[in-house]
Each structure stands twice: as structure tokens, then as C-alpha cells.
Amino acid sequence: MIESLAELSQPFLNLPYVRRTRRNHGLEHATVHVLNKPVSGRSDAGGFWLMGDVSTSEVEAAAREALRRMQNGEHQLAVHPNCGTGLVTTGIMASLAGLLGTVGMKRNPTDYMARLPTIVLLTIGAILVSQPLGLKLQEHFTTLGDPGDLQILSVRRESMTSLTGRPIILHRVDTMSS
């Protein structure tokens, strides 16, 4: 079903801005796979940001290795289990399951407690289903495993200070593609 929806969505998914963002999102994930370190990222049509305690040389080497591997057919690197797409999918499905568990319920503490086991079971079921669904949504909608003509233009380090006064290390990977 996801594949069919993706096929119908191709005119939108192949708009240049959307395609570039999906390619960068895929390269961001592939870079995180290659780095194999705890970092988080955010992609846009011009590249992506990585946040985490890694050196600029590590990020640049990982991004270039990730792009090379994707160009050589390792398109599955574009999908990552800790992606925001999966987290949003899980959050929405768990919330809807919780709401479904309250349908027809009277608004008193006894009914809430009586429905709690049903709500917990529905929510757990939704979480279990949402994990593979989130990966499929990434694969077909929010990332693009085929980098096409994607090129890495530059990698630069920036830093900022968190609200607690601790330094935050950021890396910007600028890209170009059609």
C-alpha cells in the first residue's frame, strides 16, 4: 500500500526542491550510518546539519564515503531506525490508538481505570506496527536512496552554546543536485 501511495505521489516527490531534500535526507542517514556515532541531523534542499561531538574530518570522510557507497548501489543506507519520520509515525499511531481506546467511554475515574488495559494494548500494538511502517515511509517518501547527481560542496564546523552553557558542535554539509 505504501508503494502504491508513493507511486501516486511521484509528481510531488520529484519536484526539484523535494527531490533535493529527499536526497540530502538520504545522504544524512547514510553519513550517520558510516559515522556510527551518536549524532542527530536535519536536512534541507541545500544539504544537512549534523549535531554531535565528532570532528570535521570525520564528518567529511563519512559523508564522502556514504555518497560513494550510495552511488555504488547501497541505497538502503538512506533509511535509519532513529529518523524523525519513524518517531512521528510512532507518536501519531500511539496517540490514535489511545484515542480509539476511549471511544464510547464515560468520563469518570472508574471508566478510565477499566479502559486502561485496552488503551495500553492498543498503544503497544500501534508502536509495534509503527516501527516497520516508519521505515517504509522513509524509504518511499522522506528519503531518496539513489543520490542521482548529488555532490558534496563543502563541510564546515560551527558551534553554539546551549541554554545550560554547554557547547554544541554542529557540522553543515552543503550539497548540490538537480
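The values are calculated or read from the model by the stated rules, or taken from the named source; none is laboratory data. Quick caveat, the model's predicted, so the values are computed rather than measured. FYI the Cβ positions are ideal-geometry reconstructions off the backbone, even for glycines, and counts take in every protein chain you see.
With surrounded by fewer than 18 Cβ atoms within 10 Å (Cβ to Cβ) and outside the structural domain of residue 10 (by TED's automatic domain parsing) as the only criterion, which of 91, 134, 165, 148 stands out?
Working: 134 fails: surrounded by fewer than 18 Cβ atoms within 10 Å (Cβ to Cβ); 165 fails: outside the structural domain of residue 10 (by TED's automatic domain parsing); 148 fails: outside the structural domain of residue 10 (by TED's automatic domain parsing).
Within the list 91, 134, 165, 148, the selection yields 91.
Are any residues in region 1-40 within 20 Å of residue 81 (Cβ to Cβ) and free of Cβ contacts under 8 Å to residues at least 60 places away in the same chain, and if so, which ones?
Across region 1-40, the qualifying residues are 30, 32, 33, 34, 35, 36, 37, 38, 39, 40.
Give me a count of the residues in region 144-178 that are touching a helix residue (DSSP H, G or I) at 6+ places or on another chain (Cβ under 6 Å) and in a strand (DSSP E or B).
The qualifying residues number 6.
Do we find that residue 178 is in contact with an Asp or Glu (Cβ under 8 Å, 6 or more places away or on another chain) and at pLDDT below 95 in this structure? Explain how you work it out, then say what you get.
Details: in contact with an Asp or Glu (Cβ under 8 Å, 6 or more places away or on another chain): yes; at pLDDT below 95: yes.
So residue 178 fits the description; yes.
Condition (residue is buried (at least 17 other Cβ atoms within 10 Å of the Cβ), over 22 Å from residue 49 (Cβ atoms) and not assigned by TED's automatic domain parsing to the domain that holds residue 21) applied to region 73-82: is it met by at least one residue?
Taking region 73-82 as the starting set, the residues that turn out to be buried (at least 17 other Cβ atoms within 10 Å of the Cβ) are 75, 77-80.
Applying the additional criterion that residues be over 22 Å from residue 49 (Cβ atoms) yields 75.
Now restrict to residues that are not assigned by TED's automatic domain parsing to the domain that holds residue 21: none.
The answer is no; no qualifying residue exists.
Does at least one position in region 120-128 carry a residue that is surrounded by 14 or more Cβ atoms within 10 Å (Cβ to Cβ), touching a Leu at 6+ places or on another chain (Cβ under 8 Å), under 21 Å from residue 3 (Cβ atoms) and not assigned by TED's automatic domain parsing to the domain that holds residue 27? Before you say what the answer is, go through the steps one by one.
In the first step, residues of region 120-128 are kept if they are surrounded by 14 or more Cβ atoms within 10 Å (Cβ to Cβ); the result is 122-123, 126-127.
After this cut, where a residue has to be touching a Leu at 6+ places or on another chain (Cβ under 8 Å) as well, the list is 122, 126.
From what's left, under 21 Å from residue 3 (Cβ atoms): none.
No, region 120-128 contains no residue that is surrounded by 14 or more Cβ atoms within 10 Å (Cβ to Cβ), touching a Leu at 6+ places or on another chain (Cβ under 8 Å), under 21 Å from residue 3 (Cβ atoms) and not assigned by TED's automatic domain parsing to the domain that holds residue 27.
Take residue 170 and decide whether it is within 28 Å of residue 52 (Cβ to Cβ), surrounded by 11 or more Cβ atoms within 10 Å (Cβ to Cβ) and either in the same structural domain as residue 35 (by TED's automatic domain parsing) or acidic (Asp, Glu) (or both). It would help to see each step written out before you state the result.
Details: within 28 Å of residue 52 (Cβ to Cβ): yes; surrounded by 11 or more Cβ atoms within 10 Å (Cβ to Cβ): yes; either in the same structural domain as residue 35 (by TED's automatic domain parsing) or acidic (Asp, Glu) (or both): yes.
When the stated conditions are applied, residue 170 passes them.
Here's the yes/no breakdown for (1) in contact with a Cys (Cβ under 9 Å, 6 or more places away or on another chain); (2) closer than 24 Å to residue 133 by Cα; (3) among the aromatic types (Phe, Trp, Tyr):
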position	(1), (2), (3)
24	no, yes, no
29	yes, yes, no
34	no, yes, no
49	no, no, yes
63	no, no, no
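When region 2-17 is examined, which residues are found to be in a helix (DSSP H, G or I) and either surrounded by 11 or more Cβ atoms within 10 Å (Cβ to Cβ) or of a type in the set (A, V, I, L, M) (or both)? Before the answer, list the steps.
Pass one, region 2-17, residues in a helix (DSSP H, G or I): 2-8, 10-13, 16-17.
Once the filter is applied, which keeps residues that are in a helix (DSSP H, G or I) and either surrounded by 11 or more Cβ atoms within 10 Å (Cβ to Cβ) or of a type in the set (A, V, I, L, M) (or both), region 2-17 yields 2, 5, 6, 8, 13.
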